[in-house]
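Written out below as structure tokens is the structure these notes cover.
The values are calculated or read from the model by the stated rules, or taken from the named source; none is laboratory data. What you see is a predicted model; the values in this text were computed from it and never measured. Positions of Cβ are backbone-derived with ideal geometry, glycine not excepted, and every protein chain shown enters the neighbour counts. Protein only, heavy atoms only, side chains kept; ligands, DNA and RNA dropped before computing areas. Shrake-Rupley method; radii C 1.70, N 1.55, O 1.52, S 1.80 Å.
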Amino acid sequence: MILTLLHTQDDGSLPKAALETVSAAISLAQETGAELKVGIIGNDAAGAANAISACGASAFLTVSAPEVASPRYATDAAAAAALIKTSGAEIILAPGTSRFARCLPGAAFRAGAQADTHVVSVKAEGGKVVAQRWFYRQRILGSFTRNATPWLLMIDSGVYEPFSAAPGMAAATEAAVEFGTEQKTKFSGIEAPAADAQTIRPDAQLLFVAGAGWTKKQKDGQTHVGEAGSLIQGFLKLAKASLGSSKSIVDMQSEGQEALTFITHMNQVGQTGSTPRHAKGLSTCCHGEEPHVVGWRFINERRAVNLDPNCGWAQGKADVLYVADAFEVMSKVNEMLQA
Amino acid sequence: MTNGFQIVVCGSLVPDPLQTLEPVSSPQGPGLKNETMLPSVLDPWAACALYEAANLAKQIPGSKVYLVSLGPKAKLQQLMMTVAQKVPFELVAVDGSASGFTDAQQVAEQLAAAIGAIPGLDKSRLLLFGGCSSASRDAGVTLQLIGERLGIQDQFTAVDELKVADDGSFTVKERIEGGRYQVSTCTGAPAVLAWATGSLPEPPNNPQVGMMNMRGVMPALMKARKAEVNTGAVAYAATEIPAQKRDTRIVKDTPAEEIAREIVEWIRR
Ligand SMILES: Cc1cc2nc3c(=O)[nH]c(=O)nc-3n(C[C@H](O)[C@H](O)[C@H](O)COP(=O)(O)OP(=O)(O)OC[C@H]3O[C@@H](n4cnc5c(N)ncnc54)[C@H](O)[C@@H]3O)c2cc1C
């Protein structure tokens, strides 16, 4: 039996990653002929169950107690463990959201299950469930199964199409959970940059990467950090792109050098940064070294602007490398986008 | 907060990110070609956790930092030549595989046992630190499992900031989707904090710190317990590097305007 374990967002809706996991679970249930159940944690879980009532699940279990109104390890882990145990599932598929990344491996442990994360494919092969995930930060792809159940697989976002169907009536059952008496941890809020300062846009078509070259001395022997900042921010606005960066450009700030302060560690792409999913990526003033480029694993179309014809992008890491001055190119690009 | 924290940082070695990795298979499961020869570094996010730990210990008198590492003894010794020069800590070494293909369940069991055996460990003062995921297995599972094994109910993942108040309570910022932070407060230790980058630069090498640490490092390596960690319940069907090399078209000696036009067309396509 397969359980697809989900959580709602503040407003009671399911995040996109959850709907993608529903699709993965439906197809795995079809391939294996296994029964499918749904478990949902969070605000208005019953409403969310109704929204996906057409997914073919035989049962909908929910936990919508006030304890899980906001994400918190102790209560989320308790709720998830209860749903895993109550469902009796051998396979559990869950989205790799931040809320679940915080608690599901621990919840799996409590429920006697074993967990794998960052799963990019799950299917039935020769009577077994076979999963794929990347090892060594997107450098080696492994296909494997686990000879242990229950087995919890957390699916990376952006791999499956989100489930979509007309809502109906799911007749969800609220599961009983022992939360314990006192919670030491309290959720105090979400800190988000102002809407116009938000540079990380997971749903954008284009990833725009800024490298340390933007802050280095240019051909006139001077740095042009202010100009770099307005070119980059101008472009992000015009192209509705998401901003990624190299490590070097963010490290400059903690090292106290003149830097682009709207770029933070959250923007960093690569080995010790993120691995975003966007259809296209444009790299500027970034050398394209391997620890950076491993973060581009899921960017299909890649172009780069760099003064150095022998930079990393030239070594088969981009589709097109423009050997040119990014200041000149991006100011023209902005003019054209504005026109 | 009179006695300070006992900050236990879990972190081990990973191949230097500039090395080319090639998977090989063996009867024991997958591994890396020339694995024993590959130069290694301290796992980057665990390294951030270590620097944050040292910084916190400096601010709160009575605090102490332990670095708990599971890896092949000889490679740990090599790694300590650099890491020990960064910040003061006491090493707790466990001698076993640091491969990314070992199972987190087993690794967590070994690390929890090693932490539980630290003399004088006081759980009411324990902050368990580590990276939010490793650069080898990259799963983000191990710390939660250790926390569960040690009975720690308060856990945080992808932490960038920890602010401790005078009474030992603290505020944590965790990275969530869309470049945002979830902010939580916790009344105090014990807690698990799996760090993202934090905000500290890599400390410069300090030979004095190195000398002080090395006094403890050699005995710790000598008494490192052997731990059998392997692929556990995982059965690998294949490990591969999918061909990803592109035929890069290099555009040179072309006016910026023409390049810009091409880029704009491509973006709009
Ligand atoms: C353990 C570890 C983890 C790491 N993790 C990451 C990671 O997660 N992400 C990451 O990015 N890096 C990571 N790195 C660092 C990585 O190896 C590189 O040092 C880093 O990516 C370099 O950043 P950069 O290309 O922006 O800077 P540089 O290497 O300084 O390159 C600047 C580039 O800008 C170009 N340039 C300058 N001016 C112009 C101009 N006017 N027009 C066009 N081009 C111009 C130059 O030709 C040069 O190629 C890691 C390293 C280690 C050791």
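At a probe radius of 1.4 angstrom, the accessible area of the range A:286-339 per residue rounds to 35 square angstrom. Round to a whole angstrom and tell me the spacing of the C-alpha centers of the range B:1-51 and the range A:204-258. So the two Cα centres are separated by 30 Å. Note on B:S97: accessible area is roughly 40 Å² with a 1.4 Å probe, heavy atoms of protein only.
Measuring nothing but how far apart in sequence close Cα pairs (under 8 Å, 6+ apart) lie, relative to its length, chain A scores a relative contact order of 14 percent.
For the cross-link pairs A:K247/A:K317; B:K64/B:K163; A:K216/B:K163; A:K247/B:K252; B:K64/B:K86; A:K237/A:K280, which exceed 22 Å when the distance is taken from alpha carbon to alpha carbon? The pairs that break the limit, which is 22 Å between Cα atoms, are A:K216/B:K163; A:K247/B:K252. Distance from the Cα centroid of the range A:17-91 to that of the range B:97-151 is 28 Å (rounded to whole angstrom). Within the range A:120-251, the ratio Rg/Rh, alpha carbon atoms throughout and Rh by Kirkwood, equals 1.11. The residues of the range B:101-194 expose on average 30 square angstrom of accessible surface per residue, using a 1.4 Å probe on protein heavy atoms. Accessible area per residue for the range A:197-256 is 44 Å², calculated with a 1.4 Å probe on protein heavy atoms, without ligands, DNA or RNA. Highest mobility in the GNM of chain B, judged by mean-square fluctuation with C-alpha springs under 10 Å and restricted to B:I259, B:I152, B:I176, is found for B:I259.
In this assembly, the B-A interface accounts for approximately 7800 Å² of buried accessible surface in total, computed with a 1.4 Å probe and without ligands, DNA or RNA.
Under 15 Å from a label point set 7 Å out along the Cα-to-Cβ vector of B:I241, the amide N atoms of the range A:115-157 belong to A:135-142.
Legend: translational diffusion of chain A by Stokes-Einstein, Rh = Kirkwood radius over C-alpha pairs, 37 °C, 0.692 mPa s; D = 150 µm²/s. Rounded to the nearest 0.05, what FRET efficiency do B:K252 and A:E191 give with R0 = 41 Å and r taken as the Cβ-Cβ distance? Could you check? E(calc), rounded to 0.05, equals 0.40.
Taking chain B as a Gaussian network of alpha-carbon nodes connected by springs under 10 Å, the highest mean-square fluctuation of the residues B:P30, B:P61, B:P44 belongs to B:P61. Applying 1/(1 + (r/R0)^6) with R0 = 35 Å to the Cβ-Cβ distance of A:E90 and B:N55, what FRET efficiency is obtained, to the nearest 0.05? So, using R0 = 35 Å, E works out to roughly 0.20. Within chain B, antiparallel bridges make up roughly 40 percent of the DSSP beta bridges whose residues both belong there.
The lysines whose alpha-carbon is closer than 30 Å to the alpha-carbon of A:K37, local same-chain residues fewer than 8 away aside, are A:K16, A:K85, A:K123, A:K128.
Report, as a whole number in µm² per second, the diffusion coefficient that Stokes-Einstein gives for the range A:179-293 at 37 °C and 0.692 mPa s using the Kirkwood radius over alpha carbon pairs. Once the numbers are plugged in, D ends up at 213 µm²/s.
Between the range B:214-268 and the range B:166-210, what is the separation of their alpha carbon centroids in Å? Distance between centres, Cα-based: 26 Å.
Here the Karplus relation 6.51 cos²θ - 1.76 cosθ + 1.60, evaluated at θ = phi - 60°, turns the backbone of the range A:137-143 into coupling constants of 6, 6, 9, 10, 9, x, 10 Hz, with x for every Gly and Pro. Each stretch of four or more DSSP H residues adds -39500 (n - 2.57); spread over every residue of chain A, this sum gives -8500 deg cm²/dmol at 222 nm.
In a fully extended conformation the segment linking B:V24 and B:E177 would gain 51.6 nm over its present Cα-Cα distance, using 0.36 nm per residue. The sum of -39500 (n - 2.57) across all DSSP H runs of n ≥ 4, divided by the residue count of chain B, sets its helix-only mean residue ellipticity at 222 nm to -9000 deg cm²/dmol. Split the accessible area of the range A:195-338 by element, probe 1.4 Å, and carbon with sulfur accounts for 48%. Taking +1 at the Cβ of each Lys and Arg and -1 at the Cβ of each Asp and Glu, which of A:A45, A:T264, A:S274 sits farthest along the dipole of chain A towards its positive end, judged by Cα position relative to the Cα centre? The residue sitting farthest along the positive end of the dipole is A:S274.
Here the range B:169-248 exposes an accessible surface that is 57 percent carbon and sulfur, computed with a 1.4 Å probe and the other protein chains kept in place. Just give the residues from the range B:174-212 buried by at least 40 square angstrom of accessible area in the all-chains context relative to the isolated chain, probe 1.4 Å, and say none if nothing qualifies. Listed by number, the residues meeting the 40 Å² cut-off are B:R175, B:E177, B:G178, B:G179, B:R180, B:Y181, B:Q182, B:V183, B:T185, B:T187, B:T197, B:P201. Only protein heavy atoms count here; under a 1.4 Å probe, B:V8 has an accessible surface of about 0 Å². Of B:C48, A:C286, the order by accessible heavy-atom surface (1.4 Å probe, DNA, RNA and ligands excluded), from most exposed downward, is B:C48, A:C286. Contact with the other protein chains removes 50 Å² or more of accessible area, compared with the isolated chain and a 1.4 Å probe, from these residues of the range A:134-159: A:F135, A:Y136, A:R137, A:R139, A:I140, A:L141, A:S143, A:R146.
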